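Here's the structure, in structure tokens; my notes come after.
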4 protein chains.
Amino acid sequence: MFPISFGSDNHSGIHYTVFSALQKANVGFCPAYGDDPLTQSVLSQLNALFGGACEAFLVMTGTGANVLSLQALIDSFNAIICAESAHINVDECGAVQKGTGARLTPIKTPDGKLTPELIAPRLMGDRDQHHSQFKIISISQSTEYGTLYTLEELKALADFAHAHNMLLHIDGARLANAVAALDTSLVEMTMGVGADIVSFGGTKNGLLFGEAIISFVPELTTNMRFYRKQLNQLYSKMRFIAAQFEAYLNKELWLENARHANAMAQLLAERLAEIPQIRITQKVYVNSVFVTMPPAWIPVLQDRFMFYTWDEARNEVRLMCSFNTLEEHIDELIAAIRELM
Amino acid sequence: MFPISFGSDNHSGIHYTVFSALQKANVGFCPAYGDDPLTQSVLSQLNALFGGACEAFLVMTGTGANVLSLQALIDSFNAIICAESAHINVDECGAVQKGTGARLTPIKTPDGKLTPELIAPRLMGDRDQHHSQFKIISISQSTEYGTLYTLEELKALADFAHAHNMLLHIDGARLANAVAALDTSLVEMTMGVGADIVSFGGTKNGLLFGEAIISFVPELTTNMRFYRKQLNQLYSKMRFIAAQFEAYLNKELWLENARHANAMAQLLAERLAEIPQIRITQKVYVNSVFVTMPPAWIPVLQDRFMFYTWDEARNEVRLMCSFNTLEEHIDELIAAIRELM
Amino acid sequence: MFPISFGSDNHSGIHYTVFSALQKANVGFCPAYGDDPLTQSVLSQLNALFGGACEAFLVMTGTGANVLSLQALIDSFNAIICAESAHINVDECGAVQKGTGARLTPIKTPDGKLTPELIAPRLMGDRDQHHSQFKIISISQSTEYGTLYTLEELKALADFAHAHNMLLHIDGARLANAVAALDTSLVEMTMGVGADIVSFGGTKNGLLFGEAIISFVPELTTNMRFYRKQLNQLYSKMRFIAAQFEAYLNKELWLENARHANAMAQLLAERLAEIPQIRITQKVYVNSVFVTMPPAWIPVLQDRFMFYTWDEARNEVRLMCSFNTLEEHIDELIAAIRELM
Amino acid sequence: MFPISFGSDNHSGIHYTVFSALQKANVGFCPAYGDDPLTQSVLSQLNALFGGACEAFLVMTGTGANVLSLQALIDSFNAIICAESAHINVDECGAVQKGTGARLTPIKTPDGKLTPELIAPRLMGDRDQHHSQFKIISISQSTEYGTLYTLEELKALADFAHAHNMLLHIDGARLANAVAALDTSLVEMTMGVGADIVSFGGTKNGLLFGEAIISFVPELTTNMRFYRKQLNQLYSKMRFIAAQFEAYLNKELWLENARHANAMAQLLAERLAEIPQIRITQKVYVNSVFVTMPPAWIPVLQDRFMFYTWDEARNEVRLMCSFNTLEEHIDELIAAIRELM
């Protein structure tokens, strides 16, 4: 048995409702590659959930969802604007460049959030053949810092993108957490603000594996299914992603799980705020808490709990909650910290 | 409920032992990306199973396993020799070219099997800068035609490859079926013949998803883990592939499933051989039966059973068995055929 | 000083008219990358020469012209049909795959020429996500065997391509030789037959360097200039390719050079036909002569003349004429052969 | 006739000595692709000029030289550190990403120069599979801002690179200008400081076209010739690049041209410094002068002289001298400016 983890929402397992759905789907024979009614039904449900004027695709991993979303919309001579801290820039081992041949233009941000003001100076107005042509603004919602774009901020970015002949991509590995935190809806947060393509993460929020890509520009993404195969994201026994998503969408499990993870992070933050030696470094919106603590504490706590140092220079660590974080996990962590005081 | 399928081994579900293993693994927290003892243990078991002088990697899909196996060993200026009917040439939407930038050199074969004699005339002996440099002979065992290389034939290909400064890759999506059919062992069929890199399929043989890559040249594949991430094949909650493989290896479930599928295909072939209007077109070694039948029968049967036409011009269809094909499924098919006679 | 060469039309130098044009252009300053009136004028002349409804692009090399012509029209999930002997398949070290990520589907031909009959069986009628989607038929005119497509054959291929939602690409490294041989015009041979994109070679026919790409689907190739830069084919001091092309087009130097090369090949073939031990293996249409000869002769002749063995097994050599082949070069070769008789 | 240009060293033509060398080489037949003694001799001369322990390759363009230098040393999962202003980051339309699939990590600099201090915080110490693996520090000497690394600074970067298991690449499109300005030698500036791979530009300094790549790690760049073909940089009539380089190396024409261009820039800067409304914004080391001037002047001057605005927001323009800039060109510009005062 592993210790309690605040290391990543990837350290969590499979929600039991999702697991039951897998079991239920494991009956008899079924056409592969999505040619089955369950997959078609789930795609329709996703379509409806995101406002009805979109097309949904099921893929295997979050990195795959990002690479495909971008590949479907760009040519190799395009450039993708992202935050320097973006998952696509930092944590995907160059999967976007490998997959698309395109250039990332990372921009330094204080909190993981891009703004039109940060982007504007980087745009080359002309169509000069020497420059990668800007085509995409890619953001994460929630961000890698656990911060959030408001709906107004999202709309401003989408409008800015469209005004400059670009498209807005949202890496929504934690989109559910964002919707929960802002108490809005998936459709308001995506189609409502003018986003063009969005991923809707499942793996970090209770699924065994599986992510959805939602294209709000289906006329531009007609080739997605070819790229999905060519970039190793087409799952043969598709019914089993579909079954998970059906459970995920049913009774808003995705939202319930995200709310729980967010609430646990709020609780954790409140409890940590009581410790004088600990400073919370980013406002807590979703399921992560960034704190600094005395450096000597870190290895001691890591003997008993999984979590990662975020910025070694600052003794900053990231504590992450997920759908299966319990109050007693937080109690144990706080107790362990209090022992160190 | 879907009808009985002889369409693909992908139409089957998850073996219940594998499913139980998933359930057992779904407890508490666990480090991601393979940094957990279950994954490490499974990698050791795979290492042992394939002779001890290799390195194993867990990936998500069969196409991914092929692309990674090749990418890890080649540069973009290399050429890969394969049969014209090879999965990498026909059924992966160009994933190898996209992933590696390298050239496939497909060779026409009568039965899906390459031989040194077929390859030799295609090799350019020199190191001319105008030509893609031959680096890999890639074969499938069993082949896409359901045929098999004998151990001697495999050894001849590996020796030929090495004599020409090339390496031998085996697409082993159905390696288990081949081992079962030849009544040999995994190690004899791979390391024993001098293969350099091999995939060991799980998805078509009872797993939910998951394939293993076995590198017998670990000194040449040290970069595999970076390519695995960059090509969208790194699974975050790796324990769940590991758990499936543990069940798959335990008591040789992989072999038992493959034997069953092969036996069902033999039975099916025997029963079909009794029908005068049906001709079996490829000797049945593993889990597929290729037959021609009166064209009028095909749509009628496809109303009740899933299966695919292989060669429309010849009225040839492919009937595939899997770990969950039952004798009564075959009885039903034969009965339906007899009704048509 | 090198011996006389029948090795390649690349062994020739620069036509003196072209050289003079370079000299004339080497005056003062000039905007780079094509933003100069000479380049613009040459592009207009090329446009007119090819029928007026096209767009011309100047590039540096023949391989570059091929890769760009294809890249501008395809996505990575597409397939390109070509003859097994095609330059893009054999002699470009995988430049197309590297540049585009797409699949080549090479087809065996008796004489380097594709036909609808050869292609038809290879087409998958559906839009299945597992298969690279056929998008281009790529041919060489004249072919690598020195053979020619008639205008009717070209039209049949273009019609076939369009009927199957594909486009026709012509590698015209030796397009001038083909026009000369068929006594037709550039526009009849390209736009007239329905070709979609064509290269018009210069380097093998008297230029220092420089090729033109002619797109008859300019609405589909608006991104060419970005790919030209991204694939290393944008020449900074563009005026110097333009100057060469101006000389090349003026008084039909391209045609005069090609006619001369073709005539020399005809003469050479006639003279060789008188040698009983020599057999001409391909009908001579353009500037190459393929012959078999006694194997002992080959190294002796290669001591005094440059030429290459084409097919070692058959003792077949290729003898190539160019714009600067002289009658006395042929006299010398024939004399040397007669000494060996 | 075009106006006088201070727009780019690409606006200059061909030095007459180089032109004569082309003429001299244009005699008879010659083997292609570098298999000729002139090319071999020039490669030997380059080898000697750069210290004898290297391997030289001739290519067609500066962008091609950069892409090839990097491709020969990296895998797609690697990262290349460069200045945000680097030509490979800004002006090559993503050629490096397209060619290599690798990630650029651009770093903001005040003056186009990287330092170990700027780089150190960006390095991930571990070999984590989620991150592109740092492999190259790529700098330009002289930089895009016309600034220079001292030999000590170069050595510090090379040492830092090697200490971190990386290699140092120098984009030497203007290496000659740097050597001239620092009054050092090519070998001291490259091998002497520990550089691993360097380009030695010709096109901007008097050649028609042609660049050399110098590899100081020839054991790591054995595949260069395949990449050169595959990335469209292999020139068929290679003797004509070789002839230009022979003239370029003879009597140090490269150095003479660079000294002249640098001296003209110094003179221009001195004359501009006398104009009160003009401010020189970067110290002038090589052949470029960056100045701000009253915005109303810029279009008036651009009517009579070619030059580009560098930073519109600051009214900053770049004035570039080349081997064929004359004192009277500067006189004319200054006179035109004085008319505006």
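The values are calculated or read from the model by the stated rules, or taken from the named source; none is laboratory data. Since the model is a prediction, treat every value here as computed from it, not as a measurement. With ideal geometry, Cβ positions are generated from the backbone for all residues, glycine too; neighbour counts draw on all protein chains shown. Please note that ligands, DNA and RNA were not included when accessible areas were found on the heavy atoms of the full protein model with its side chains. Shrake-Rupley method; radii C 1.70, N 1.55, O 1.52, S 1.80 Å.
Once a ≥ b ≥ c are taken as the square roots of the eigenvalues of the Cα gyration tensor of the stretch B:52-175, is the result rounded (a/c under 1.5), prolate (a/b larger than b/c) or oblate (a/b not larger than b/c)? Mind dumping the intermediate values first?
Numbers: a/c = 1.32, a/b = 1.08, b/c = 1.22.
Since a/c stays below 1.5, the shape of the stretch B:52-175 is classed as rounded.
So the label point sits 7 Å from Cα along the Cα-to-Cβ vector; using that for A:LYS108, what distances do you get to the other copies, in nanometres, sorted shortest first?
0.4, 6.2, 6.2
Once you've got the GNM for chain B with C-alpha springs shorter than 10 Å, pick whichever of B:ALA32, B:ALA102, B:ALA261 has the biggest mean-square fluctuation.
Fluctuation is largest for B:ALA32.
If you average the sequence gap of Cα pairs under 8 Å that are 6 or more apart and divide by the length of chain B, what percent do you get for the contact order? All intermediate terms of the calculation are to be shown ahead of the outcome.
Numbers: 648 pairs, mean separation 83.5, N = 341.
Across chain B, relative contact order equals 24 percent.
With every protein chain present, what is the per residue accessible area of the protein assembly as shown (1.4 Å probe, Å²)? Could the numbers behind the result be given before it?
On the way: 44640 Å² over 1364 residues.
Ligands and nucleic acids excluded, the figure is 33 Å² per residue.
How well do other chains shield peptide B:30-39, expressed as the mean number of their Cβ atoms within 10 Å of each residue Cβ? Before the final figure, lay out the partial values.
Details: counts 9, 7, 10, 5, 1, 1, 2, 1, 0, 0.
Average per residue, whole number: 4.
Specify the residue with the greatest mean-square fluctuation among B:LEU43, B:LEU104, B:LEU123, computed from a Gaussian network of chain B linking alpha-carbon atoms under 10 Å apart.
Of the options given, B:LEU123 has the highest mean-square fluctuation.
Once you have the Cα-Cα distance between B:ASP303 and B:SER41, take 0.36 nm times their residue separation minus that, and quote the gain in nm to one decimal.
On the way: separation 262, 0.36 × 262 = 94.32 nm, distance 4.60 nm.
Value of the extension gain: 89.7 nm.
Between C:ALA335 and B:ASP128, what is the FRET efficiency for a Förster distance of 41 Å, r being their Cβ-Cβ separation, to the nearest 0.05? All intermediate terms of the calculation are to be shown ahead of the outcome.
On the way: r = 31 Å, r/R0 = 0.77.
In this case the efficiency is close to 0.85.
What are the trypsin sites (Lys or Arg not before Pro) within the stretch D:109-185 that DSSP puts in a loop, where the Cβ has at most 11 other Cβ atoms within 10 Å?
Working: sites: D:LYS113, D:ARG122, D:ARG127, D:LYS135, D:LYS155, D:ARG174; in loops: D:LYS113, D:ARG127, D:ARG174.
Filter output for the stretch D:109-185: D:ARG127.
Stretch A:THR184-A:LEU326 to full length: gain in nm at 0.36 nm per residue minus the Cα-Cα span? It would help to have the intermediate numbers written out before the result.
Values: separation 142, 0.36 × 142 = 51.12 nm, distance 2.48 nm.
Computed gain between A:THR184 and A:LEU326 is 48.6 nm.
Please compute the net charge surrounding C:LEU22, taking Lys and Arg as +1 and Asp and Glu as -1 over other residues with Cβ under 13 Å from its Cβ. All intermediate terms of the calculation are to be shown ahead of the outcome.
Details: positive: C:LYS24, C:LYS237, C:ARG239; negative: C:GLU246.
Its environment carries a net charge of +2.
Using +1 at the Cβ of each Lys and Arg and -1 at the Cβ of each Asp and Glu in the stretch C:210-275, identify which of C:GLN230, C:LEU253, C:PRO218 lies farthest towards the dipole's positive end.
Of the candidates, C:GLN230 comes out farthest on the positive side.
What percent do you get for the relative contact order of the stretch C:253-340 when only Cα pairs under 8 Å and 6+ apart count? Spell out each step's value before the answer.
Numbers: 116 pairs, mean separation 28.1, N = 88.
Computed value for the stretch C:253-340: 32 percent relative contact order.
Could you state the principal axis extents of the C-alpha atoms in the protein assembly as shown, from the largest down, to the nearest angstrom?
86, 83, 52
Just subtract the alpha-carbon distance of C:ARG314 and C:VAL27 from 0.36 nm times their residue separation and send over the number in nm, one decimal. Spell out each step's value before the answer.
Working: separation 287, 0.36 × 287 = 103.32 nm, distance 5.27 nm.
98.0 nm is the gain from fully extending C:ARG314 to C:VAL27.
Over the alpha carbons of the stretch B:253-340, what is the largest minus smallest coordinate on each principal axis, giving the biggest first in Å?
Here the spans come out as 39, 23, 21 Å, largest first.
Starting from the Cα of A:THR17, step 7 Å along the direction of its Cβ; do the same at A:ASP111; then give the gap between the two resulting points in nm.
Distance between the two pseudo-spin positions: 3.1 nm.
I'd like the Kirkwood hydrodynamic radius of the stretch A:17-251, using the inverse of the mean 1/r over distinct C-alpha pairs, in Å. Please report the intermediate quantities before stating the final value.
On the way: mean 1/r = 0.0559 Å⁻¹.
The answer is 17.9 Å.
Pick from A:SER138, A:SER322, A:SER76: which residue has the top mean-square fluctuation in a GNM of chain A where Cα pairs under 10 Å get a spring?
A:SER76
Helix-derived [θ] at 222 nm for chain D: sum -39500 (n - 2.57) over DSSP H runs of at least 4, divide by residue count, nearest 500? Don't jump to the answer; show the numbers that get you there.
Details: 14 runs with 133 residues, N = 341.
Value at 222 nm, helices only: -11000 deg cm²/dmol.
Looking at chain A, how many pairs of lysines come closer than 27 Å at the Cα, when each pair is eight or more places apart or spans two chains?
28
Assuming R0 = 56 Å, what is the FRET efficiency of C:GLN277 and D:ALA296, from their Cβ-Cβ distance, to the nearest 0.05? Don't skip to the end; give the middle numbers.
Numbers: r = 82 Å, r/R0 = 1.47.
It comes out at approximately 0.10.
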